[in-house]
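Before any comments, here is the structure.
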Amino acid sequence: MKTVLVIGSGGRCHAIVEQLSQSPQVGKIFAAPGNAGIAQKAECLAIGDTEIEKLLAFAKNNAVDLTVVGPEVPLSMGIADKFAAVGLRIFGCTQAAARIESSKEFAKDLMKRYGIPTAAYEVFSDYTAALAYTQKQPLPVVLKYDGLAAGKGVVVAATRNEVQAALQAMLQDRKFGAGRVVVEEFLDGVEFSFMCFVNGSKVFPMELAQDHKRAYDGDKGPNTGGMGAYSPLPFITEADFNFALTQVMQKTAQALVSEGCPFCGVLYGGLIKTAQGIKVIEFNARFGDPETEVVLPRLTSDLYAIFNDVMDGKTPLITWSKQVALGVVLASKGYPDAYKKGIAINGLDKVNAQVFHMGTRRDGAQLLTHGGRVLLLTVLADTVAQAQNKILEEVQKIDCAHLFYRKDIGWQAV
Ligand code: AMP
Ligand code: GLY
């Protein structure tokens, strides 16, 4: 039996751990650092997801057969390079390949050079020059901090005042750090997430999902890490899918090979279906969160085998349930801005859904909130409408005065 180490602490890692625990090949699972939900299936370690030297020593000393990386920060710090250098097996891309997510400028330049469809853009480090450029652009205009900002470094500015405030925060007050800003054309259309297992130029697609990034119903409020998701997507035709696979995902994988930084891991395309065709909004170098919590529950083949086959250059067996999976995030009131932690959560035992912990901890037997996004509940059903009805019943069973959730996840599919 194999020993696996999963790095991360959110709902995505919980879903990966859950799926790996169903593999007949997997014996022991460690999670670093994990969370209160992950602890039901894995042994949680007191090692943070960016403590690379400690993670490496642990994997070496505990005969870990495979390490799987959830979040982007350790990838962008070079965890995969460091593990590979000492012969440890790790599923996650190199630091150079992770630039597809960690640098918006790298990603945009790559798309421009290789003819991968995306929004027109310019990059700025100077506040005055950026402001002058935006004044010549039609509204809304999109401003993106060029670095990792946990999904919060993007502003879709609808007024000149918003443009100015966002540029000031990013380039003068350095709210996220010393990075530059990409000013981008606004794309109008329906967004969807396309995650693929990739090794070099080989691309193995997963089923599509859609995230809901705005905090409140009706896609109102600030951008968040994601408030809910569902899979599959009825509005993406076979022709759309084939275009996205060949003209976006395969082309990008091949571009990274040509640039000397081949990608091995999960490549995530944040795509948009516009009147002018499918275009890229962003790439991520890892599984999406919350998309993973609705895509992996539909996987009916062995995730451990998939990771290994992809890494070994073989064609993995990937099969899916035909059912719809729909997941709703319960977030702390105030998120994505300031929120309280340590609030009691009860009622989980009554829930008839898959429960993924995003930000929880335990104090004795009591489960407590411990993050902005706290829990995600996923149900499977035959249609999106049925899944919506079912999830709203289940979400109400969670007894915690300090949480809020969206009631319209999946609205574009009903
Ligand atoms: P990103 O972090 O790049 O995925 O951006 C977060 C969210 O901002 C996306 O999911 C979109 O809803 C929105 N967004 C980003 N870029 C654009 C764009 N060029 N046009 C329209 N919306 C965008
Ligand atoms: N759901 C968006 C992301 O994982 O970045």
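Counting just the residues of segment 285-299 that are open to solvent by 20 Å² or more (accessible area, probe 1.4 Å) and within 10 Å of ligand 2 (Cβ to nearest atom), which one comes out nearest to Lys251 (Cα to Cα)?
Here the residue is Arg286.
What's the total number of residues in segment 178-221 that are under 25 Å from Arg373 (Cβ atoms) and of a type in the set (D, E, K, R)?
Within segment 178-221, residues that are under 25 Å from Arg373 (Cβ atoms) and of a type in the set (D, E, K, R) number 8.
Go through segment 135-145 and report how many residues are in contact with a Gly (Cβ under 8 Å, 6 or more places away or on another chain) and either away from ligand 2 (no atom under 16 Å from the Cβ) or closer than 15 Å to Ala119 by Cα (or both).
1
Within segment 220-251, restricting attention to residues that are away from ligand 1 (no atom under 15 Å from the Cβ) and among the β-branched types (Val, Ile, Thr), which residue is farthest from Arg286 (Cα to Cα)?
Result: Thr237.
Read through the list (1) free of Cβ contacts under 8 Å to residues at least 12 places away in the same chain; (2) in contact with an Asp or Glu (Cβ under 8 Å, 6 or more places away or on another chain), then give the number of the only condition that Asn389 fails.
(2)
Just to be sure before I move on: is Leu267 outside any loop (DSSP other than H, G, I, E, B), surrounded by 24 or more Cβ atoms within 10 Å (Cβ to Cβ) and away from ligand 2 (no atom under 16 Å from the Cβ) in the structure I sent?
So Leu267 fails the test.
Among the residues of segment 249-264, what is the count of those that are assigned to a helix (DSSP H, G or I), open to solvent by less than 10 Å² (accessible area, probe 1.4 Å) and touching a residue at least 60 places away in the same chain (Cβ under 8 Å)?
So the answer is 3.
Out of curiosity, is Asn35 in contact with a Cys (Cβ under 8 Å, 6 or more places away or on another chain) and of a type in the set (S, T, N, Q)?
Against the criterion (in contact with a Cys (Cβ under 8 Å, 6 or more places away or on another chain) and of a type in the set (S, T, N, Q)), Asn35 qualifies.
Return yes when Glu282 is modelled with pLDDT under 95 and of a type in the set (Asp, Glu) and no when it is not.
yes
Do you know which of the residues in segment 91-115 that are out of contact with any strand residue (DSSP E or B) (no Cβ under 6 Å at 6 or more places or on another chain), modelled with pLDDT of 95 or more and not in a helix (DSSP H, G or I) is surrounded by the fewest Cβ atoms within 10 Å (Cβ to Cβ)?
Of everything passing the filter in segment 91-115, Gly115 is surrounded by the fewest Cβ atoms within 10 Å (Cβ to Cβ).
Against the condition under 30 Å from Glu105 (Cα atoms) and either outside any helix (DSSP H, G or I) or at pLDDT below 95 (or both), how does Gly334 come out, does it pass?
no
Check Glu282 against each of (1) open to solvent by 30 Å² or more (accessible area, probe 1.4 Å); (2) more than 16 Å from ligand 2 (Cβ to nearest atom); (3) within 23 Å of Gln95 (Cα to Cα) and name the one condition it does not meet.
Glu282 satisfies all of (1) open to solvent by 30 Å² or more (accessible area, probe 1.4 Å); (2) more than 16 Å from ligand 2 (Cβ to nearest atom); (3) within 23 Å of Gln95 (Cα to Cα) except (2).
State which residue is nearest to the chain's Cα centre (by Cα) when the search covers only segment 125-165 and only residues that are open to solvent by less than 20 Å² (accessible area, probe 1.4 Å), closer than 22 Å to Asp109 by Cβ and away from ligand 1 (no atom under 11 Å from the Cβ).
Gly147
Is there any pair with a first residue in segment 65-93 that is without any contact (Cβ under 8 Å) to a residue 40 or more places away in the chain and under 25 Å from Gln25 (Cβ atoms) and a second that is open to solvent by 60 Å² or more (accessible area, probe 1.4 Å) and not in a helix (DSSP H, G or I) whose Cβ atoms are under 9 Å apart and which are 6 or more apart or on different chains, and what are they?
Filtered contacts from segment 65-93: Phe83/Arg89.
On the basis of being within 16 Å of ligand 2 (Cβ to nearest atom), of a type in the set (Val, Ile, Thr) and open to solvent by less than 30 Å² (accessible area, probe 1.4 Å), does Ile272 make the cut?
Against the criterion (within 16 Å of ligand 2 (Cβ to nearest atom), of a type in the set (Val, Ile, Thr) and open to solvent by less than 30 Å² (accessible area, probe 1.4 Å)), Ile272 qualifies.
Report every pair of residues separated by at least 6 positions or lying on different chains whose Cβ atoms are under 6 Å apart, first residue within segment 303-332 and under 30 Å from Ile398 (Cβ atoms), second among the polar types (S, T, N, Q) and open to solvent by 10 Å² or more (accessible area, probe 1.4 Å).
Listed by first residue and then by second, the contacts come to Leu303/Gln19; Ser321/Thr300.
Listed residues Pro33, Pro74, Pro24; which is touching a Gly at 6+ places or on another chain (Cβ under 7 Å) and within 30 Å of Val355 (Cβ to Cβ)?
After ruling out the rest, the residue left standing is Pro33.
Any chance you could count how many residues in segment 300-324 are in a strand (DSSP E or B) and buried (at least 19 other Cβ atoms within 10 Å of the Cβ)?
Qualifying residue count for the region: 1.
Has segment 28-42 got at least one residue that is at positive phi and either within 21 Å of the chain's Cα centre (by Cα) or within 16 Å of ligand 2 (Cβ to nearest atom) (or both)?
Yes, segment 28-42 contains at least one residue that is at positive phi and either within 21 Å of the chain's Cα centre (by Cα) or within 16 Å of ligand 2 (Cβ to nearest atom) (or both).
The values are calculated or read from the model by the stated rules, or taken from the named source; none is laboratory data. Here the structure is a predicted model, which means the values were calculated and not measured. Cβ atoms come from the backbone with ideal geometry, glycine included; neighbour counts cover every protein chain shown. Only protein heavy atoms, including side chains, enter the accessible area calculation; ligands, DNA and RNA are left aside. Shrake-Rupley method; radii C 1.70, N 1.55, O 1.52, S 1.80 Å.
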